[in-house]
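Below is one structure, written out as structure tokens; the observations come after it.
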Amino acid sequence: MSIRQISVFVENKQGSLVKITDVLAKENIDLRAMSIADTQDFGILRLIVSDTDRALEVLRRENCIVTVTDVVGARLRNEPGALATVVKVLSEGGINMEYMYAFNGATPHHAYMVLRVDDNDRVEQLLLQSGIKSITEAQVCEI
Amino acid sequence: MAERYWQKEIETASREQIKAIQDERLVKTVKHVYENVEMYRKRMDEAGVSPDDIKGAEDLHKLPFTTKQDLRDYYPYGLFAVPQKDVVRLHASSGTTGKQIVVGYTKHDLEVWDDIAARQLYAVGADENDFIHVAYGYGLFTGGFGLHGGAGRIGATAIPVSSGNTDRQITILQDFGSTVLCCTPSYAMYIAEQIKEKGIDPKSLSLKAGIFGAEPWTEEMRRQIEEMLDIKAYDVYGLTEIMGPCVSYECSEQTGMHVNEDHFIVETIDPDTGEVLPYGTPGELVFTCISKECCPFIRYRTRDIGVLSIEPCSCGRTFVKMTKPKGRTDDMLIIRGVNVFPSQIETVLLRMGYSPNYKIFVDRVNNTDTLLVQVEMTEDMFSDTVTKIKEHEKAIKAELRSLLGIGADVQLVAPGSIERSMGKAKRVEDKRKLIGG
């Protein structure tokens, strides 16, 4: 069920982000969600895109350092307390979370969370028990 | 395959025979420089040594050293021992660390050079059936012409590509069927990377061996080049002041380079006291030219640190072997009072499986030396979490600390961001030199 996330190494230097976003734009690849983790020396740009395989291909062609990670995409009702439910469920389930970030879809009814955890299947199960559905990679493109 | 020698008689001579040749040639050379070079005459007179005092190699220690500074002081032709009409070629050293130096060759000197380069080519299994791809620079630098001469000597087909234009190098490797690649190890590494990037299978090339020298490199880098290009990589040593490449040459055993002792006598000395060290003890390599006519320098101090060995070699050659120099004393960095060779840092990185593309920055901040090593990130070490990447940085730092004895900062940089070299790689930027010269 999980979604493939692309991480790209970004050097802490002017212009390095431009190179990445430019190449994706030229290839008509849509960014569905993104977050950046940064340190003093470098950043990690994490992306959920409309066409993962092609994005990987063009980024590698441009000599970018990339890696693919399976993450969970959870669909939440867009209302106060929705994230609190997710966090509580995972905490009670003893799940370790590395990081998470949110994105919106076209409709105002739902919000989406990308969750990087150590056991995707178990997390999806736990969420489902609380009525929270996970989305597939194909669904990401349709949101 | 049976070992082949270009000049078997001398390459496998007994130690007594080698000593006899050295004695005779040294006596002759000392007379020659005493009579024809003012500096040597003056120095020997001052030291109270006359040419008659030199009866054989055992008297070598009585003679004064020659240094790079001497070559600068007597620039350009002050140390030439023959009249200009007998000089048929000049070469010069780039002078990255100071004023350039120039050396001359007579027709005889060039023949000797061709022969020792031929010995190197035979030692790596080349003969008249081979295509020698020379990607060392042609010009005043000795690299290109040195191997080129050897190729001609053995009747192989020389391909004088010279350095640079890597795409063209690769096309020629493919189309011309190069079998032996000659260049600096850092350029070989770059060519190998580009071949990989283009998706070319190294097995589709005819390349079987590489002769790589002109800069210090490590065993780890050798293994990497061998694997990436699917060849045997051999080390070669030389310097402009003595001849150029092939002063010493590696054989099939790949455990060090045989010094062409019928043309050069090698010693190791304590760089501080000048005292001659026994075989097996690391020291500064010192060469005496005993067959050259134009620039037969006596006891030339190379600033290279190496170890000599006279253990029998499986290749059958009897010449003394020298280890791959750990680095030139000129390249040695003194950081917080600790001696650091860039090659030690390379060893750490490659042993740990990291990129061979690195650069070292030394600076002085608040009167303390700082050492920063930039390493190119590879996909193997990349991760979507900062913690995992930082683990690599920490591991490199810990290894550097344990090997060098001082702390270093490690910075991971984007692939391709460290400048590639077509000739000698510039691995170090010492910003301390900018302050107060």
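The values are calculated or read from the model by the stated rules, or taken from the named source; none is laboratory data. All figures in this text were calculated on a predicted structure; none of them were measured in a lab. Here the Cβ positions follow ideal geometry from the backbone for every residue, glycine too, while neighbour counts run over all protein chains shown.
Odds and ends about this structure:
- Contacts under 6 angstrom Cβ, first residue in the stretch B:284-305 being on the phi > 0 side of the Ramachandran plot and at pLDDT below 95, partner charged (D, E, K, R) and not in a loop (DSSP other than H, G, I, E, B), 6 or more apart: B:Arg303/B:Arg328
- Residue in the stretch A:63-70 that is within 11 Å of another protein chain (Cβ to nearest Cβ), under 17 Å from B:Ser383 (Cα atoms) and at pLDDT below 90 present: yes
- Residues in the stretch B:228-240 that are over 12 Å from the mean Cα position of the chain (by Cα) and either modelled with pLDDT under 95 or not basic (Lys, Arg) (or both): B:Met228, B:Leu229, B:Asp230, B:Ile231, B:Ala233.
- Test: residue in the stretch B:383-393 that is of a type in the set (A, V, I, L, M, F, W, C), closer than 23 Å to A:Gly15 by Cβ, within 13 Å of another protein chain (Cβ to nearest Cβ) and in contact with a Leu (Cβ under 6 Å, 6 or more places away or on another chain): no
- Restricting attention to the stretch A:29-60 and to residues that are facing another protein chain (nearest Cβ under 10 Å) and of a type in the set (Lys, Arg), the residue that is surrounded by the fewest Cβ atoms within 10 Å (Cβ to Cβ) turns out to be A:Arg60.
- Selection status of A:Thr85, facing chain B (nearest Cβ under 10 Å) and either within 16 Å of the chain's Cα centre (by Cα) or over 30 Å from B:Gly199 (Cα atoms) (or both): no
- Condition broken by A:Leu24, with the remaining ones in (1) at the interface with chain B (Cβ under 8 Å from one of its Cβ atoms); (2) hydrophobic (A, V, I, L, M, F, W, C); (3) closer than 21 Å to A:Glu57 by Cα satisfied: (1)
- Taking the criterion of being surrounded by fewer than 18 Cβ atoms within 10 Å (Cβ to Cβ), away from chain A (no Cβ under 14 Å) and either assigned to a strand (DSSP E or B) or in contact with a Pro (Cβ under 9 Å, 6 or more places away or on another chain) (or both), the residues of the stretch B:394-432 that qualify are B:Val428, B:Glu429, B:Asp430.
- Counting the residues of the stretch B:184-228 that are part of a helix (DSSP H, G or I) and basic (Lys, Arg) gives 4.
- Here B:Ile360 fulfils each of the conditions (1) in a strand (DSSP E or B); (2) surrounded by fewer than 17 Cβ atoms within 10 Å (Cβ to Cβ); (3) in contact (Cβ under 8 Å) with a residue 40 or more places away in the chain apart from (2).
- Residue among B:Thr281, B:Thr318, B:Thr302 that alone is among the β-branched types (Val, Ile, Thr), under 22 Å from B:Thr67 (Cβ atoms) and over 16 Å from the mean Cα position of the chain (by Cα): B:Thr281
- Residues of the stretch B:364-374 satisfying the condition of being buried (at least 17 other Cβ atoms within 10 Å of the Cβ) and within 11 Å of another protein chain (Cβ to nearest Cβ): B:Gln374
- Looking at A:Arg54, A:Arg32, A:Arg46, A:Arg122, just one residue is in the same structural domain as A:Phe9 (by TED's automatic domain parsing) and more than 12 Å from the chain's Cα centre (by Cα), and that residue is A:Arg54.
- Residue-level check: of (1) over 30 Å from B:Val37 (Cβ atoms); (2) modelled with pLDDT of 90 or more, B:Asp369 misses just (2).
- Residue count for the stretch B:147-170 under the criterion of being hydrophobic (A, V, I, L, M, F, W, C) and not in a helix (DSSP H, G or I): the result is 4.
- Filtered residue count, the stretch B:367-393, keeping only those that are out of contact with any strand residue (DSSP E or B) (no Cβ under 6 Å at 6 or more places or on another chain) and in a helix (DSSP H, G or I): 6
- Hits in the stretch B:77-94 (condition: part of a loop (DSSP other than H, G, I, E, B), surrounded by fewer than 16 Cβ atoms within 10 Å (Cβ to Cβ) and either at pLDDT below 95 or hydrophobic (A, V, I, L, M, F, W, C) (or both)): B:Ser94
- Yes/no for B:Ile101 being within 21 Å of the chain's Cα centre (by Cα), within 20 Å of B:Val259 (Cβ to Cβ), of a type in the set (Val, Ile, Thr) and in the same structural domain as B:Tyr237 (by TED's automatic domain parsing): no
- Selection count where residues are farther than 18 Å from B:Met189 by Cβ and over 14 Å from the mean Cα position of the chain (by Cα), scope the stretch B:322-343: 10
- Restricting the stretch B:197-219 to residues that are surrounded by fewer than 18 Cβ atoms within 10 Å (Cβ to Cβ) and under 28 Å from B:Thr255 (Cα atoms) leaves a set whose member that is farthest from the chain's Cα centre (by Cα) is B:Lys203.
- Within the stretch A:92-111, if we keep just the residues that are small (Gly, Ala, Ser) and in contact with a strand residue (DSSP E or B) (Cβ under 9 Å, 6 or more places away or on another chain), the residue that is nearest to the other protein chains (Cβ to nearest Cβ) turns out to be A:Ala102.
- Cβ-Cβ contacts under 6 Å between residues 6 or more apart (or on different chains), taken from a first residue in the stretch A:76-104 that is in contact (Cβ under 8 Å) with a residue 40 or more places away in the chain to a second residue that is assigned to a loop (DSSP other than H, G, I, E, B), are listed as A:Val89/A:Ser130.
- Screening the candidates B:Gln17, B:Gln69, B:Gln22 for the property of being at pLDDT below 95 and in a helix (DSSP H, G or I) yields one hit, B:Gln69.
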